[in-house]
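The values are calculated or read from the model by the stated rules, or taken from the named source; none is laboratory data. Remember, predicted model here, so these are calculated numbers, not experimental data. Here the Cβ positions follow ideal geometry from the backbone for every residue, glycine too, while neighbour counts run over all protein chains shown.
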């Protein structure tokens, strides 16, 4: 039944977008993390989406294909008094760009809402179809 | 003037509803893949698909199965496959090859939901009038 598969498509999108929101939350939380003992700071994570065909012909869901780490150089701040400062007085912070993450977050939550609406419409139509033979 | 072919309301209702829910699924896929790189928005030509399906059902298949032995079943229950999916042309394709335009998709989505609901009511009405005709004293 096509309406059921509409529900499935919307749920794949909800899943993918909530994973994206999770990575954004993790990026924002680590926006000011400095290097660990091995000299690596936190790298911003980005999800990569891909289309996944559903069991019902014609419908395409979406899934997170991979989570990639950004290879932008770490943010260096001159803080000679900082315990993590290197010999020239610079501290490496994570390469998270907070503005970028906020834009991503808005986009993800809009997508989430939109697919939730799509799911609600499919659910209401299914409910309606039960009334076809009703009084 | 276009003569309107006289289809059985139940056959028409079932076919139209099937195509409507199929289109619903395609439009839902477009929304789900609004941010997938390389995804191309799809849709069906509803009017053409409906005509094709109704004529396929009313006048038999355009490619009927040959019946050469008594064991062969005739193709009277032939149903053409689901309609061809067409790619939507995008006015503003994005850098990653995605052609989903959310404004367009949402308006088509809303339209399709409303029309599906209308079709369900028509079908329910067709059933109700049949039930009424079978009920003595119109009760």
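Does residue B:100 satisfy being at the interface with chain A (Cβ under 10 Å from one of its Cβ atoms) and either surrounded by 12 or more Cβ atoms within 10 Å (Cβ to Cβ) or at pLDDT 75 or above (or both)?
no
Considering B:36, B:15, which residue is within 14 Å of chain A (Cβ to nearest Cβ), outside any helix (DSSP H, G or I) and at pLDDT 85 or above?
B:36
Exactly one condition in (1) crowded, with 19+ Cβ neighbours inside 10 Å; (2) touching a residue at least 40 places away in the same chain (Cβ under 8 Å); (3) not in a helix (DSSP H, G or I) is not met by residue A:20; state its number.
Among (1) crowded, with 19+ Cβ neighbours inside 10 Å; (2) touching a residue at least 40 places away in the same chain (Cβ under 8 Å); (3) not in a helix (DSSP H, G or I), residue A:20 violates only (3).
Exactly one of these conditions fails for residue A:77: (1) surrounded by 16 or more Cβ atoms within 10 Å (Cβ to Cβ); (2) away from every other protein chain (no Cβ under 14 Å); (3) in contact with a strand residue (DSSP E or B) (Cβ under 9 Å, 6 or more places away or on another chain); (4) more than 12 Å from residue A:41 (Cα to Cα). Give me its number.
Residue A:77 satisfies all of (1) surrounded by 16 or more Cβ atoms within 10 Å (Cβ to Cβ); (2) away from every other protein chain (no Cβ under 14 Å); (3) in contact with a strand residue (DSSP E or B) (Cβ under 9 Å, 6 or more places away or on another chain); (4) more than 12 Å from residue A:41 (Cα to Cα) except (1).
What single numbered condition from (1) under 21 Å from residue B:35 (Cα atoms); (2) crowded, with 19+ Cβ neighbours inside 10 Å fails to hold for residue A:69?
Condition not satisfied by residue A:69: (2).
Considering only segment A:83-135, state which residues are over 14 Å from residue A:24 (Cα atoms), in a loop (DSSP other than H, G, I, E, B) and either touching a residue at least 12 places away in the same chain (Cβ under 8 Å) or within 14 Å of another protein chain (Cβ to nearest Cβ) (or both).
Listed by number, the residues that qualify are A:84, A:130, A:131, A:132, A:133, A:134, A:135.
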